Amino acid sequence: MPGLRERIMTTAIATRQWICNVCGWIYDEVAGAADHGLAPGTRFADIPEDWYCPDCGVTKSDFAPYEP
Ligand SMILES: [Zn+2]
């Protein structure tokens, strides 16, 4: 299904918000998370692997692209 594949890739590129699968905390790349060491404009891909969700403590692997 080439159409589906293209849609997923487009979504990944356009995504600017990420949601924690466990607690629902949302990271906005534009706003950043200054209280948690992430400057405004920090891309999710650039967040250190040892960063964790400020609300529940899971790592980046438990976040998913979020479309408002
Ligand atoms: Zn969380």
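Quick notes on this one:
- Considering region 53-68, the residues that are without any contact (Cβ under 8 Å) to a residue 40 or more places away in the chain and of a type in the set (D, E, K, R) include one that is most open to solvent (accessible area, probe 1.4 Å), namely ASP55.
- Checking VAL22 against (1) modelled with pLDDT of 95 or more; (2) away from the ligand (no atom under 14 Å from the Cβ), the condition it does not meet: (2)
- Residue count for region 37-58, restricted to those that are over 11 Å from the mean Cα position of the chain (by Cα) and within 12 Å of the ligand (Cβ to nearest atom): 7
- Filter result for THR15 (open to solvent by less than 50 Å² (accessible area, probe 1.4 Å), modelled with pLDDT under 95 and touching a Pro at 6+ places or on another chain (Cβ under 9 Å)): yes
The values are calculated or read from the model by the stated rules, or taken from the named source; none is laboratory data. Not measured: the values here are computed from a predicted model. Here the Cβ is made from the backbone with ideal geometry for all residues, glycine too, and neighbour counts use every protein chain on show. Note: areas computed on protein heavy atoms with side chains; ligands, DNA, RNA excluded. Shrake-Rupley method; radii C 1.70, N 1.55, O 1.52, S 1.80 Å.
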